[in-house]
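Remarks on the structure that follows.
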Amino acid sequence: PLSSLVAAALLAAALIAPTGWLALLPLPVLAATIIVAVLGLLELDIVRTAWQYDRGDVLAWAATCLGVLVLGVEAGVVVGVALSMGTLIWRASRPHIAVLGRIAGTEHFRNVERYPVETRPETLVLRIDANLFFGNMEAVAGRIECELATHASARHLVLVMSPVSSIDTTALYELAELNQRLKRRGIGLHLAEVKGPVLDRLRGTALLRELNGQLFLSTAIACDHLQTVKDVA
């Protein structure tokens with residue numbers, strides 16, 4: 001905008017011109033000038049929207065501001081970065097996992113807590129909404145065991161892998177261990193909707209060689225097939 005150009009020109013002129021007269025201004029006047037300029041940069045509507053959408057971001061922002069005021073600029077920024085990284089790690093280590101059921105008359109599977117769906121007691125369908133890595137695999141395995149305990153009659157576990165874009169070595173090992181535990185309990189482990197690049201990396205691994213179940217192109221195909229299977233071979 002034209003106003004920004006004018007302001008920039010005036011600022012440049014003030015910096016080029018002799019500034020000795022600024023030393024005569026009281027510090028409160030200079031501080032007030034800076035505060036007025038900064039207040040114009042604040043957009044409280046964004047803060048309100050962020051508070052409604054993700055309060056963690058607002059708390060990190062508030063902590064950064066407080067850190068700058070109390071500890072100084074560098075320390076305050078470090079506090080903000082540390083809080084943001086901590087929040088990111090905390091969320092990544094606790095991925096969302098949904099129990100799925102089929103919407104009647106369709107091939108679509110959705111979260112049982114959000115939609116009226118049909119489920120079968122012998123088949124537990126779980127969707128993991130995150131990439132699998134060393135930082136979240138313990139939580140994932142714990143949630144799977146919890147759901148299996150809740151669905152005690154389940155003889156087949158179908159993991160819907162469509163949101164998973166990568167699996168690191170630790171997660172691969174944990175999945176292989178899960179496969180062996182389920183095998184000993186007579187529960188089949190099946191993978192559905194595995195992405196091509198992920199499947200390429202899984203080929204030749206112990207997980208697929210010893211998989212106590214099958215790979216399926218879609219969740220609907222998996223559930224339709226498993227309806228005809230009584231027990232794990």
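Read the figures in this text as sums done on the coordinates, not as results from a lab. It should be emphasised that the depicted structure is a prediction, and the values quoted were computed from it without experimental measurement. Cβ placement follows ideal geometry from the backbone for every residue including glycine, while neighbour counts extend to all protein chains displayed.
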With θ set to phi - 60° and the Karplus curve 6.51 cos²θ - 1.76 cosθ + 1.60, what are the ³J(HN,Hα) couplings of the range 87-102 in order, to the nearest whole Hz, using x for Gly and Pro? 5, 4, 5, 4, 5, 5, 7, 10, x, 6, 10, 10, 7, 10, x, 8
Ordered by residue, what ³J(HN,Hα) values in Hz, to whole numbers, does the range 159-168 give under the Karplus form 6.51 cos²θ - 1.76 cosθ + 1.60, where θ = phi - 60° and Gly and Pro are x? 9, 7, 9, 4, x, 8, 9, 7, 9, 7
What spacing in nm lies between the two simple spin-label points modelled at K195 and W51, each 7 Å away from Cα in the Cβ direction? 3.7
Here the FRET efficiency for L217 versus R114, based on Cβ atoms and R0 = 22 Å and rounded to 0.05, is 0.35
Stretched out fully, how many nm does the piece from S162 to T106 gain, at 0.36 nm a residue minus the Cα gap? 18.3 nm
Taking only Cα atoms, what is the 0 to 90° angle, nearest 10, from helix 137-150's long axis to the longest principal axis of the chain? 50
Going by Cα centres, the range 95-116 and the range 176-202 are how many Å apart? 20
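Just to confirm a number: summing +1 for Lys and Arg and -1 for Asp and Glu over residues other than P163 whose beta-carbon lies under 14 angstrom from that of P163, what do you get? Walk me through the numbers before you get to the answer.
On the way: positive: R110, R127, K195; negative: D129, E193.
Its environment carries a net charge of +1.
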Which percent of Cα pairs goes in each bin when the distances of the range 25-92 are cut into 5 angstrom slices starting at zero? 3, 16, 16, 22, 21, 11, 6, 4, 2, 0, 0
How far is helix 55-71 tilted off the main Cα axis of the chain, in degrees rounded to 10, range 0 to 90? 40
Neighbour-count ranking [beta-carbon atoms within 10 angstrom, fewest first] of I103, I35: I35, I103
Given [x] 17.6; [y] 18.2; [z] 22.4 as candidate values of Kirkwood radius over Cα pairs in Å, which corresponds to the one derived from the coordinates? [z]
Before rounding to the nearest 500, sum -39500 (n - 2.57) across all DSSP H runs of length at least 4 in the chain and divide by the residue total; then give [θ] at 222 nm in deg cm²/dmol. -16500 deg cm²/dmol
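Taking only the alpha-carbon atoms of the range 97-226, what semi-axes of the equivalent ellipsoid follow from 5 times the gyration tensor eigenvalues under a square root, in whole Å, largest first? Working shown, then result.
Numbers: eigenvalues 95, 51, 42 Å².
Each semi-axis is the square root of five times an eigenvalue, giving 22, 16, 15 Å.
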